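Below is one structure, written out as structure tokens; the observations come after it.
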Amino acid sequence: MFILKNAFISITRNKGRNILMGIIILIIACACTVTLAIKNTASDLITSYEEAYDKTATISFNRENMMKNFDMGKEDSRSLAKENFENMASYTVDDVTKYADSKYVSSYYYTYSVGLNGNNIDKANMDNDKDFGNRKGNPLKNYDFTLTGYDKLEAMNEFISGTYTMSEVADNAWDIAFDGNYVFINEELANYNDLSLTDKIKLEDDDDNVYEFEIIGIFKEKEDNEVSMFSSSANNIITNAQAVSTITSKNEDVEGSINPTFIIKSYDDAEKFQEELYGKGLDENFIIQTNEDQVAESLASVSNVNSFATTFLIITLIIGGVVLLVINMINIRERKYEIGVLRTIGISKLKLTLQFVSELLMVSLVFLIIGCLIGSFSAKGISNSLLASEINSSNNNQEEISRNFGGNMDKNPNFGHMKRGIPVVQAYDSIDAVVDMKVLLEMFGIGISLVLVSSVSSMISIQRFSPLTILKERS
Amino acid sequence: MKNKKTEENILLSVVNASYRYSDADSDDYALKDVSFVFEAGKLYAIKGRSGSGKTTLLSLISGLARCTEGSIIFNGKDLKNINLDRYRNSDIGIVFQSYNLLPFMTTLENIILSMDVNGGKFKNKKEKALELMEKVGLKKDYANRKVLRLSGGEQQRVAIARSLSYNPQMIIADEPTGNLDKQTETEILNIFKDLAHKENKCVIIVTHSNNVCNMVDKVYELKSQTKKK
């Protein structure tokens, strides 16, 4: 108890030095609070972004593997590659369903494409652009159109990303789009064939089987191809996977190309998932690719803020720590006589050290609290600005997706599942979430630790002081 | 019979004590082969010229340093084997020529601090401190005065009161009257005399003053080759 009393007496008699030390601690506390608040907010945003963003895995060609033994100059090599390509085991809708039945996968969607020719419409093409109908059956064979079926709304990435936007859409389009022979066609194709909503188009396969579809939407591609008269998607006709499946089942010669997307639980599982798929029969010329890099790229700005805050925090702590260290050493040198007297009257080194530490902690606590209050007030503005920017960006993103689908998509029940890439930043619109208990505990932990670490050398000095020597010097 | 009684009264024995600083040559002793005994109820003076090792001996007796050779026995225990902090804050009281009070504290705070360090359960520290002040001839008005505002003699009285605060068995004083005038010197020495004769304490004064030597019960003289007077 007397240690605390002595500590308090020492603090009040050395006001100048303690205020100077307090100011430094206050600056450190302010900087810590602000940077920790920013850092934690940024981390929360990153976490929520990653949680909101689906972790996707797709099946891609392992080009590296395919080209390993390929030599452009040798005819044999080219023939071998072609042969390998043609013999490569593909996968069916059933395979995809089987692949998706994995502990690493939470859900999946896919697109199913076939190549067909026009029956009552002409292909929008003025030159010799080639259109690959399918990958497996005959990749070099030309078809007028590519009919791409989506199994779910989530699969329509071109609309989510804004590559395609609806220019005209039937009122009930999204109610019927995934069940029946309905299609969305490119605006250029519509203009070329003078087509409009509710018109029927006919497509045919190599065996002259004719398939009729009703137009329920007209879309356009975001950036027109300046080289070609028509955009690359001019002859892409969009329907549902079921419609494509009906065609392939009706005529086995029509072979489709399936592009599945698996929503995986963790990026760390990607390799294990790939091994599992090889075990389930996936050709080893395919590999699993995730969108991890894409997500990291999207988070670059927030991550930069996070890194900046961390760097700033470390620099502040280093400079603050060194200054505190120097002040503590001066403090001990100035109080050598006091230490000598106290040691002479029998106070132990441990109790003396405790007294000095108590003094430091008392001063630190007061100024840490003041610094924390100032810091949290400052952090409010900075963090809110960061949040406001994120919320704004998120809202714009969401509105853009809605526009891509022709507007009014908020009414669609499936739209809620499509917030891929959109952080749920509204969860952090309160300042309490920024300077919260975690930040306070971290700040006090760092502050107290820094004060204690910076006092270590002076504490060691106390242990080494001989009272006799000190008092002799005094005499 | 008399010898037996004397042995029982011995409080502190210095037995062939030598001290050499760690950075000194092997034969360069600050104090060499000293043997003294100190009894309770007596006032002692340790006399010697400058450099004779008076202060070194005081440091060894007061537990501020340890003998490099020989030993110091207090109440039958070798100081090498006991906690010297505890020894200093309960068994002995030390009074210095330069007082060694804490200047930022008041008279009362300086005296109470010693009681605090001792850790004993004193019923009313403030009352006891005031009693001690009265005992050493300090006015009660000085209780809340910063010690720096007191005269040399008054500060030395505070130092004596501080050393008595936890009722030690032995008082060790290093030139306690070196900075004081004759009259004050006599007053201070009378306090020490009373402590020895009336309160049965062992009081050891390190001095080079003949006046002090004339007032004590026994004088030990330290020379270059220490010998007992």
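Coordinate-derived values only; no laboratory data. All values derive from a computational prediction rather than experimental measurement. Cβ: placed from backbone, ideal geometry, glycine included. Neighbour counts: every protein chain shown.
Below are the figures for this structure:
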read-out: Formal net charge of residues neighbouring B:Ala143 (Cβ-Cβ distance under 10 Å; K, R +1; D, E -1); value: +2
read-out: Region B:12-71 versus region B:136-184: alpha-carbon centroid distance in Å; value: 25 Å
read-out: Rough spin-label spacing in nm, given labels placed 7 Å along Cα→Cβ, for A:Asn142 and A:Met437; value: 7.1 nm
read-out: Environment charge at A:Phe213 (Cβ cut-off 10 Å; Lys +1, Arg +1, Asp -1, Glu -1); value: -1
read-out: Potential extension, A:Leu197-A:Gln289 segment - 0.36 nm per residue separation minus Cα distance; value: 29.3 nm
read-out: Using alpha-carbon coordinates, inclination of helix B:152-164 to the longest axis of chain B, degrees; value: 80 degrees
read-out: Inter-label distance for B:Glu69 and A:Asn396, nm, one decimal - labels placed 7 Å from Cα along Cα-to-Cβ; value: 9.0 nm
read-out: Members of B:Lys182/B:Lys223; A:Lys202/A:Lys222; B:Lys80/B:Lys135 lying beyond 31 Å, as alpha-carbon distances in this model show; value: B:Lys80/B:Lys135
read-out: FRET E, pair A:Asn251, A:Ser307, Förster distance 60 Å, beta-carbon r, rounded to 0.05; value: 0.60
read-out: Filter on A:Lys15/B:Lys123; B:Lys139/B:Lys201; A:Lys39/A:Lys103 - keep pairs with C-alpha separation over 26 Å; value: A:Lys15/B:Lys123; A:Lys39/A:Lys103
read-out: Nearest-0.05 FRET efficiency for B:Ile10 and B:Lys198, computed from C-beta distance (R0 25 Å); value: 0.80
read-out: Intensity falloff of chain B expressed as log10 I(q)/I(0), Debye formula with alpha-carbon point scatterers, at q = 0.07, 0.13, 0.15 Å⁻¹; value: -0.22, -0.76, -1.01
read-out: Placed amide H near A:Tyr182: partners under 5 Å, 5+ positions off or other chain; value: A:Glu214, A:Asn240
read-out: Point-to-point label distance, A:Ala300-A:Ile314, nm (Cα→Cβ direction, 7 Å offset); value: 2.2 nm
read-out: Label point at A:Leu361 placed 7 Å out along Cα→Cβ; residues across region B:106-137 whose backbone nitrogen lies under 20 Å; value: B:117
read-out: Estimated FRET transfer efficiency when R0 is 35 angstrom, pair A:Glu51-A:Val322 (beta carbons, to 0.05); value: 0.30
read-out: GNM top mover of B:Asp27, B:Asp78, B:Asp174 - chain B, alpha-carbon springs below 10 Å; value: B:Asp27
